[in-house]
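Please read the structure below before turning to the comments.
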Amino acid sequence: MLRRIVSSRSQQARMLRLFEVRCAARAHLSTQAAPVMPANLVGYSPMAPATPMGGPTDGKIPTAREVEISGGVWAPTSAKKDKLGELRAALEEGQVTLDDAATEEQLLDLYLADGLNAIVKTTAVSGADIDATTTEFLDWLNSSAKDLPEDLAQVQFETFLGDIASKIDTAFQSIPKDRYVKEMRDFMDPPMEEDGVGAFLAVKVEGGETMNAFKGCILRYRLHTIKAAAEHLKENWEKLVTVTDGDKDRAAVKGETAEQRASTLSRDAVKDVIVEFAKGDDTTRFAALWTLMDRDDDGLLDETEMKQVAYFAVTPAGKALQQLFEEALEARPVRQPLVLDEEESADGEETKPKESKPGFRARRKEKSTIKRLKRHFGRAVSVHFEDELEMPHRLRCVYAWAEKVHQENKLVSVHIDTGIGGRKRFVDLHPKVSLPEYLEVKKEHFKQLDHVSEEMVKSFREDLLCDQGRGRQRTELYWQSAYFMGVVSV
């Protein structure tokens with residue numbers, strides 16, 4: 001026989017009050033207004049399949065502020081930014097920036113990043129002064145292209161790009177890296193004129209050694225960029241000629257048969273890409289790559305092709321930066337002071353200090369520092385765009401939010417005859433995007449593609465600041481632990 005448990009009057013009253021509180025809380029939540037979100041962001045998830053959204057419902061591209069408020073698209077902050085904010089908050093009195101908290105040896109690493117940034121900024125300006133070596137290369141490029149057919153097959157394509165790489169290797173012999181790159185830490189951020197062209201090149205430096213070294217570094221970086229672009233194109237013939245599924249489906253709708261791969265590429269389009277990597281900026285390079293990827297000459301690309309163009313623009317820049325950075329590490333010891341202390345002889349004349357062979361600890365420290373710098377820089381090149389800026393998410397959003405005129409920015413569902421027993425298959429044709437439509441969204445949500453190399457150097461410098469800050473925190477923790485153990489043991 002089960003015994004029925006009857007609650008007391010006090011328990012019943014307490015349960016009744018708890019029930020009333022819960023009902024009031026639910027009523028309050030139901031009357032709260034839902035957060036206002038742009039109509040073109042409602043229901044969008046970055047993890048959703050890469051399908052068009054049908055275009056903004058209000059005919060307006062969402063702003064960066066609207067995306068930040070809505071959330072869920074890409075992270076507005078990162079662990080690196082949070083760490084930098086924590087380190088800035090811990091600055092001591094008299095320290096304005098994190099550079100002020102760095103030691104003399106740590107400043108050498110920051111100066112290396114600043115010098116590399118100065119080279120990149122000056123080189124990336126379209127219309128900047130072109131040196132005689134680059135001009136000679138461009139003349140050779142134009143003359144060599146005239147001897148080739150208008151449409152390049154794979155063998156001709158790879159031979160042409162291989163000749164470009166060989167020409168660059170020959171040009172490197174006239175500008176030895178030991179003569180110029182070793183002065184990279186002496187370069188400061190160049191001032192910019194109103195027209196955007198770096199005014200650093202017009203400044204006269206006493207003796208002219210620093211200016212000559214700066215121009216030599218710019219030339220080496222430009223040649224590295226050309227060679228990296230040629231090698232990257234040569235390695236990705238398959239991506240350049242592979243026809244997308246959308247183009248094959250559109251050809252099937254018209255009753256045509258599309259090949260799996262194109263057999264040739266335009267000679268002029270390939271040459272224009274190399275020319276823009278030689279003297280253009282990131283915007284002109286992207287436009288040249290867009291033309292190269294546009295095989296049907298309609299000015300429109302699928303989402304897959306648009307993403308490939310972006311990666312074709314980013315990858316060579318990273319390879320060129322890494323080559324120049326490693327040359328700077330090899331040309332000069334990373335812990336050698338910028339200005340050597342000068343000694344005065346008995347007759348008052350200045351003499352150079354005697355050079356001594358570094359000891360075992362100095363050599364070990366030098367090797368460890370080089371390894372650490374290479375690791376940080378390699379991470380900045382490979383991870384910054386892909387992970388920190390979330391490049392796949394941003395490119396998918398750029399395509400989804402673009403005002404695509406093609407197909408009125410809508411999916412077109414069609415039936416295609418498979419040719420097997422009269423069967424048909426159902427496919428969705430996604431709209432294509434044009435270059436102006438892409439640029440309109442990119443300038444709002446992916447401005448970093450306009451300064452690819454600068455973004456990588458900036459990420460490298462932030463990694464250095466974070467690493468130096470963590471070192472200071474570890475040192476402080478060790479001292480505090482030592483003080484604590486000393487007090488406890490007394």
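Separation of the alpha carbons by more than 32 angstrom is noted, of K177/K307; K60/K227; K367/K442; K279/K432, for K177/K307; K60/K227; K367/K442.
Distance between the pseudo-spin-label points of D296 and R335 (7 Å out from Cα toward the beta carbon): 6.2 nm. Over segment 216-315, the pair-distance histogram of Cα-Cα distances with 10 Å bins from zero comes to 15, 47, 26, 10, 2, 0 percent, rounded to whole numbers. H451 sits among other residues whose Cβ lies under 13 Å from its own Cβ, and their net charge, with Lys and Arg +1 and Asp and Glu -1, is +1. If R0 is 22 Å, the Cβ-Cβ spacing of E105 and F360 corresponds to a FRET efficiency of close to 0.75.
Label positions at W140 and A90, each projected 7 Å from the Cα along the C-beta direction, are separated by 5.2 nm. Given the pairs K167/K234; K182/K374; K146/K167; K182/K215, which span a C-alpha to C-alpha distance of over 21 angstrom in this model? Exceeds cut-off: none, every pair is within range. On a per residue basis, segment 96-183 carries 49 Å² of accessible surface, using protein heavy atoms and a 1.4 Å probe. Note that segment 354-490 presents 61 Å² accessible area per residue, ligands and nucleic acids not counted, probe 1.4 Å.
The ellipsoid equivalent to the alpha-carbon distribution of segment 72-190 has semi-axes of 43, 22, 13 angstrom, derived from the gyration tensor eigenvalues as √(5λ) and listed largest first.
For segment 382-490, the relative contact order works out to 22 percent when only alpha carbon pairs closer than 8 Å and six or more residues apart are counted. State the volume of the convex hull built on the alpha-carbon positions of segment 270-329, expressed per residue in Å³ and rounded to an integer. So the per-residue hull volume is 79 Å³.
With N set to the residue count of segment 448-490, report its C-alpha Rg divided by 2.2 N^0.38 Å to two decimal places.
Numbers: Rg = 18.6 Å, N = 43, 2.2 N^0.38 = 9.2 Å.
Dividing the Cα Rg of segment 448-490 by 2.2 N^0.38 Å gives 2.02.
The values are calculated or read from the model by the stated rules, or taken from the named source; none is laboratory data. Note that the structure is a prediction, hence the values are computed from the model and not measured. Please note: Cβ atoms are built from the backbone with ideal geometry, for glycine as well, and neighbour counts cover all protein chains shown. Each accessible area value is taken on the protein alone, full model and side chains, heavy atoms only, with ligands, DNA and RNA left out. Shrake-Rupley method; radii C 1.70, N 1.55, O 1.52, S 1.80 Å.
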